[in-house]
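The values are calculated or read from the model by the stated rules, or taken from the named source; none is laboratory data. Here the structure is a predicted model, which is why all the values come from computation and not from measurement. Please note: Cβ atoms are built from the backbone with ideal geometry, for glycine as well, and neighbour counts cover all protein chains shown. Note: areas computed on protein heavy atoms with side chains; ligands, DNA, RNA excluded. Shrake-Rupley method; radii C 1.70, N 1.55, O 1.52, S 1.80 Å.
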Amino acid sequence: MKSKHRAHDVKLFDRWGSTYERSWMQQRLFDPVHSAVLHQAESRFKPASVLDIGCGSGRLLRKVHDYWPEAHLSGVDPAQGMLSVARQLTPEARFSMGSAEALPLEDASVDMESEAASPEESSVEAKPTRTRRCKL
């Protein structure tokens, strides 16, 4: 049952990719939360690498780039439509198709990680941690 729902979600996000940036949720919900969290993290960390799991259109990684322009940025998302938009809008980052359960990275290969996943994908048993210093 879980995989059926997940496949449906990926299809929805794949179709949503072309309009995701214009969603009211971006400015009213996600942008303020992202800014507040990054502002707090800025005084505590200077990551050399940042991974955004469920990166969508790359919006958070663009904000991360504003705070830490030298950081190596990576995004992973299962929806090709979202990745297409992310690659266009965020050329300073590297994007891969994938999921939280099977990240295309080595263990402990990033300093900071952000995850925007559904509750189904975020179980501790489902994925090993890839970070050492901070999880947003």
Looking at region 28-35, can you tell me whether even one residue there is surrounded by fewer than 17 Cβ atoms within 10 Å (Cβ to Cβ), of a type outside the set (Gly, Ala, Ser) and closer than 27 Å to residue 102 by Cα? yes
What is the number of the single condition among (1) in contact with a Leu (Cβ under 7 Å, 6 or more places away or on another chain); (2) modelled with pLDDT under 75; (3) surrounded by fewer than 19 Cβ atoms within 10 Å (Cβ to Cβ); (4) not aromatic (Phe, Trp, Tyr) that residue 117 does not meet? (1)
The condition from (1) open to solvent by 100 Å² or more (accessible area, probe 1.4 Å); (2) closer than 21 Å to residue 114 by Cβ that residue 24 misses is numbered (2)
Take residue 85 and tell me if it is within 24 Å of residue 8 (Cβ to Cβ), in contact with a helix residue (DSSP H, G or I) (Cβ under 7 Å, 6 or more places away or on another chain), of a type in the set (Val, Ile, Thr) and assigned to a helix (DSSP H, G or I). yes
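In region 82-94, what residues are of a type outside the set (A, V, I, L, M) and either more than 24 Å from residue 19 (Cα to Cα) or crowded, with 21+ Cβ neighbours inside 10 Å (or both)? Give the derivation first.
Here is the first cut: in region 82-94, the ones of a type outside the set (A, V, I, L, M) are 84, 87-88, 90-92, 94.
The answer is 90, and nothing else.
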Identify, please: which residue in region 42-68 is surrounded by fewer than 19 Cβ atoms within 10 Å (Cβ to Cβ) and in a helix (DSSP H, G or I) and is, among those, modelled with the lowest pLDDT? 42
What are the pairs with Cβ atoms under 7 angstrom where one residue, in region 6-23, is assigned to a helix (DSSP H, G or I) and the other, located anywhere, is open to solvent by less than 60 Å² (accessible area, probe 1.4 Å) and modelled with pLDDT under 80? Sequence gap at least six, or different chains. 9/118
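Table: residues versus (1) among the charged types (D, E, K, R); (2) at pLDDT 95 or above.
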position	(1), (2)
71	no, yes
81	no, no
87	yes, yes
95	no, yes
